[in-house]
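First comes the structure, then the notes that go with it.
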Amino acid sequence: MKFSIVIPCYNEYANLPLLIDNILPLLNDYELEYILVENGSNDNSRDYIQNNIDGKYKNIKIVYVDINKGYGFGLKQGLKLAKGQYLGWLHCDMQVHPNDLRPIFDFALANNSNQKLFIKATRLSRPLIDRFFSVSQTIFSSIIFFYRMPDIGASPLVFSKFLIDNFDIMPDDFSIEVFTYLIAKKKKFHIKRFKIFLNDRKNSNSSWNTGLISKFKLSLTLIKSSIIIKIRDLKE
């Protein structure tokens, strides 16, 4: 298996049919598996997945998380089942179209001899306020980690499986993006960025991004989590 893409699904019931329609074509063109993580949703996501997806498609695996413990926690459960030479993730909300994986996959295949690849999107067409918070996070991370890591939260992300030895040490929250990017920098992986355009949400609302206050709360959470990552890093 070349590629394993984890897709965490939290309260994305309305988006699941659209997601499946758009990820299936890539299965015909690449040696690829998807791992959908039903990440403790409290809408009808689990019922839909059980009745319409689970066991009905080749190379689509399902992981069920009974209680939501965070975005990163869900990703980790999916990564543990991954068999690909390259691992990564994509959001379920369809703001990023699955076709944006194609240039990433093609780049990985063209550079298959390099076992240290880290390929990450760079988001375009974002609101000014979102760009402000992303730049602020980049500045903060650069100060405490001594590496420049722009647009840390961008997905999709694909990386050589050798990047992470133990998925359990990865954070359970959104700082999993910070942690993964930092490891790639420390291990001197070849980092390649691909520009993508974000689409508007059509069928669901963000589970966390409900306004300016929620953005500040997430930023504080990322700051705290990044400090914890830094402390652990210094102890190693």
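The values are calculated or read from the model by the stated rules, or taken from the named source; none is laboratory data. A quick note: this is a predicted structure, and the numbers were derived from the prediction, not measured. Glycine gets a Cβ as well: all are built from the backbone with ideal geometry, and neighbour counts include every protein chain shown. For accessibility, only protein heavy atoms count, side chains too; no ligands or nucleic acids. Shrake-Rupley method; radii C 1.70, N 1.55, O 1.52, S 1.80 Å.
I want to check the label-to-label distance for residue 234 and residue 168. Put each point 7 Å from Cα in the C-beta direction and report it in nm to one decimal.
Between residue 234 and residue 168, the simple spin-label model gives 2.6 nm.
Under the rule of -39500 (n - 2.57) per DSSP H run of 4 or more residues, summed and divided by the residues of the chain, what mean residue ellipticity at 222 nm is obtained, to the nearest 500 deg cm²/dmol?
Computed ellipticity for the chain at 222 nm equals -12500 deg cm²/dmol.
Within a Cβ distance under 11 Å of residue 187, other residues only, what is the Lys/Arg minus Asp/Glu net charge?
Once all neighbours under 11 Å are counted, the net charge is +3.
For segment 106-197, what does the alpha-carbon gyration tensor say about shape, rounded, prolate or oblate, given a ≥ b ≥ c as the root eigenvalues, a/c under 1.5 as rounded, and a/b over b/c as prolate?
oblate
Using amide H atoms built in the peptide plane, which far-off residues or other-chain residues are under 5 Å from residue 35 H to H?
5, 6, 7, 61
Count the DSSP beta bridges whose two residues both fall in the chain, then state the antiparallel fraction as a percent rounded to the nearest 5.
20 percent
With θ set to phi - 60° and the Karplus curve 6.51 cos²θ - 1.76 cosθ + 1.60, what are the ³J(HN,Hα) couplings of segment 182-198 in order, to the nearest whole Hz, using x for Gly and Pro?
So the J values, rounded to whole Hz, are 4, 4, 4, 5, 5, 8, 6, 6, 6, 9, 10, 10, 10, 6, 9, 9, 7.
Return the sequence-ordered ³J(HN,Hα) values of segment 17-24 in whole Hz as given by the Karplus equation 6.51 cos²θ - 1.76 cosθ + 1.60 applied to θ = phi - 60°, using x for Gly and Pro.
Couplings: x, 5, 4, 4, 4, 8, 8, 4 Hz.
So what are the ³J(HN,Hα) numbers for segment 74-82, from phi and the Karplus equation (6.51, -1.76, 1.60; θ = phi - 60°), rounded to whole Hz, Gly and Pro as x?
x, 4, 4, 5, x, 4, 5, 9, 6
Set the bar at 25 Å for Cα to Cα. Now go through 69/215; 185/224; 76/116; 69/192; 161/188 and name every pair that lies beyond it.
From 69/215; 185/224; 76/116; 69/192; 161/188, over 25 Å: 69/192.
Quick one: with all protein chains in place, what share of the accessible area of the chain is carbon or sulfur, to the nearest percent (1.4 Å probe)?
54 percent
Answer rounded, prolate or oblate for segment 15-119, using the Cα gyration tensor with square roots of eigenvalues a ≥ b ≥ c: rounded when a/c is under 1.5, else prolate when a/b is larger than b/c, else oblate.
Judged from the Cα gyration tensor, segment 15-119 comes out prolate (a/c at least 1.5, a/b above b/c).
Heavy-atom accessible area per residue, the chain, 1.4 Å probe: how many Å²?
With all protein chains present, the chain gives 49 Å² per residue.
Which sequence of 198, 234, 36 reflects their accessible areas, 1.4 Å probe, from the largest down?
234, 198, 36
Can you tell me the length gained on complete extension of the stretch residue 81 to residue 67, counting 0.36 nm per residue apart and subtracting the Cα distance?
3.2 nm
When a/c is below 1.5 the answer is rounded, else prolate if a/b is larger than b/c, else oblate, so apply that to segment 1-41 with a ≥ b ≥ c taken from the square roots of the Cα gyration tensor eigenvalues.
Oblate shape, in that a/c is at least 1.5 and b/c is the bigger or equal ratio.
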